[in-house]
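Okay, so here's the structure we're looking at.
The values are calculated or read from the model by the stated rules, or taken from the named source; none is laboratory data. Every value quoted in this text rests on a predicted model; they were computed, and no experiment measured them. Cβ atoms come from the backbone with ideal geometry, glycine included; neighbour counts cover every protein chain shown. Please note that ligands, DNA and RNA were not included when accessible areas were found on the heavy atoms of the full protein model with its side chains. Shrake-Rupley method; radii C 1.70, N 1.55, O 1.52, S 1.80 Å.
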Amino acid sequence: MKLLEERIVSEGKVLKGNVLKVNSFLNHQIDVELLNEMGKEFARLYKDESINKILTIEASGIGIACIAAQYFDCPVVFAKKSKTTNIGSDFYCVDIESYTHNTTNKVIVSKEFLNENDRVLVIDDFLANGCALRGLCKLIKDAGATLVGCGIAIEKGFQPGGKELRAQGIRVESLAIVESMNDDGTIVFG
Ligand code: 5GP
């Protein structure tokens, strides 16, 4: 998506550890108009799929998911990072490694909000090694729901997550795919 690529080039900062910082429009301050265009694009890509639920993970996925959900006319469920180790039986639970924080979180979704009648689109801000998406896909499987596909704002194509998920037959649509980025700030798209 040209609009998103242009914003990444003009405002993105390349940090150590292959982290792309886009705090001015996606991860801290949010450009709602840009997210609206992204939401429309996800809706166009998945228009024939009868999606009735969007699943994301807190925190940065929530804004993108909510704006997209208006075009699908469906609710958003966000997986919560839980501090409790004793989760109980009312939740689906999975461990997800955080790329940016180098920690592992227990991530939960209430059984009340995900079930076998759901056709689910997973939305997130970034795709790197694929830990977040793999975890969300597992929650969908555990709930007996149908995973329709994933919608990602920015995929780092030089990291393995996207390739691995597609190789498993999962549909992954990324609005911008960064093929390489250097310390001098050069960013190349796929
Ligand atoms: P993965 O689980 O695919 O390795 O990483 C995806 C998650 O880590 C996303 O939910 C996102 O929050 C975070 N992440 C991964 N890479 C980046 C990055 O380059 N920049 C930012 N801002 N977040 C990232």
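Report, by residue number, each residue of the stretch 145-165 that is away from the ligand (no atom under 13 Å from the Cβ) and either among the hydrophobic types (A, V, I, L, M, F, W, C) or open to solvent by 10 Å² or more (accessible area, probe 1.4 Å) (or both).
Of everything in the stretch 145-165, those that are away from the ligand (no atom under 13 Å from the Cβ) and either among the hydrophobic types (A, V, I, L, M, F, W, C) or open to solvent by 10 Å² or more (accessible area, probe 1.4 Å) (or both) turn out to be A145, T146, L147, V148.
Can you give me the number of residues within the stretch 166-190 that are touching a helix residue (DSSP H, G or I) at 6+ places or on another chain (Cβ under 6 Å) and surrounded by fewer than 12 Cβ atoms within 10 Å (Cβ to Cβ)?
Matching residues across the stretch 166-190 total 0.
Looking at the stretch 109-135 only, could you name the residues that are touching a strand residue (DSSP E or B) at 6+ places or on another chain (Cβ under 6 Å), within 16 Å of the ligand (Cβ to nearest atom) and either without any contact (Cβ under 8 Å) to a residue 60 or more places away in the chain or farther than 16 Å from Y46 by Cβ (or both)?
V109, D125, F126, L127, A128, C131, A132, L133, G135
Report, by residue number, each residue of the stretch 18-50 that is open to solvent by less than 60 Å² (accessible area, probe 1.4 Å) and in a loop (DSSP other than H, G, I, E, B).
Within the stretch 18-50, V22, D31, Y46, E49 qualify.
Listed residues D142, D118, D90, D95; which is surrounded by 20 or more Cβ atoms within 10 Å (Cβ to Cβ) and either at pLDDT below 95 or not aliphatic (A, V, I, L, M) (or both)?
D118
Considering the stretch 1-15 alone, what residues qualify as being within 11 Å of the ligand (Cβ to nearest atom) and either loosely packed, with under 15 Cβ neighbours inside 10 Å or assigned to a loop (DSSP other than H, G, I, E, B) (or both)?
Answer for the stretch 1-15, where residues must be within 11 Å of the ligand (Cβ to nearest atom) and either loosely packed, with under 15 Cβ neighbours inside 10 Å or assigned to a loop (DSSP other than H, G, I, E, B) (or both): G12, K13, L15.
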